[in-house]
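Shown next, in structure tokens, is the structure this report addresses.
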Amino acid sequence: MSEARERLLDTATRLFYAEGIHTVGIDRIIAEAGIAKATFYRHFKTKEDLVVAYLIREYGRQRETLEAIPGSGAESIVGIFERLGELSRGPGFRGCPFLNAAVEFPNSDHAVRKVVDEYRAWFRDLMAQRLRAAGHPQVEDAARALLLTRDGVTISGGVGDAETVRVGIRTALSQWGIR
């Protein structure tokens, strides 16, 4: 990846996450990244292309982080949710970039929503894989419930409700016999 493209993505990531996608214009991203407008358009045809690249990069980061959690089965699910809980209570946490993007792009056929859907399917599949390894009797239902829990963690963390994050994770894991 070129240095200019990297700067564009770094700048877009910071601004989109902190302020929202639709509120941040291309001219501001270009100015803050310190590149020429022509350079932007050499890397991205549209702002939506930049948004998709931002989400794909974030997907890769989250996938790398969560798949690296040690353990197998239930132990790794606990580790994943402990990590999500820590992140959601950290400074500057503003919720899930995928859910935030989904709210701004309500059309389910939009390219942005396709990335959001891919991420959520990956997380659900990750939970199903770990639940199978734990010998869980209700893999699909539990995986969907854990996806919903992940969503709730990011929303509650995004509004600064750390206690709900802790209680929600503990309750969900207990409800599905994970702990």
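Side notes on the structure shown:
- Contact annotation: residue pairs with Cβ atoms under 7 Å, 6 or more positions apart or on different chains, pairing a residue in segment 111-123 that is over 12 Å from GLN62 (Cβ atoms) with a partner that is open to solvent by 50 Å² or more (accessible area, probe 1.4 Å) and not in a helix (DSSP H, G or I), are ARG113/ASN107.
- If you go through segment 129-146 and keep only what is crowded, with 19+ Cβ neighbours inside 10 Å and without any contact (Cβ under 8 Å) to a residue 40 or more places away in the chain, you end up with ALA142, ALA143.
- Among the residues of segment 165-179, the one identified as open to solvent by less than 70 Å² (accessible area, probe 1.4 Å) and free of Cβ contacts under 8 Å to residues at least 12 places away in the same chain is VAL167.
- Residue list for segment 134-179, restricted to those being outside any helix (DSSP H, G or I) and of a type in the set (A, V, I, L, M, F, W, C): ALA134, VAL159, TRP176, ILE178
The values are calculated or read from the model by the stated rules, or taken from the named source; none is laboratory data. Source: prediction; values computed, not measured. Quick reminder, even Gly has a Cβ in these numbers, built from the backbone with ideal geometry, and neighbours come from all protein chains shown. Note: accessible area is taken over every heavy atom of the protein model, side chains too, but ligands, DNA and RNA are not part of it. Shrake-Rupley method; radii C 1.70, N 1.55, O 1.52, S 1.80 Å.
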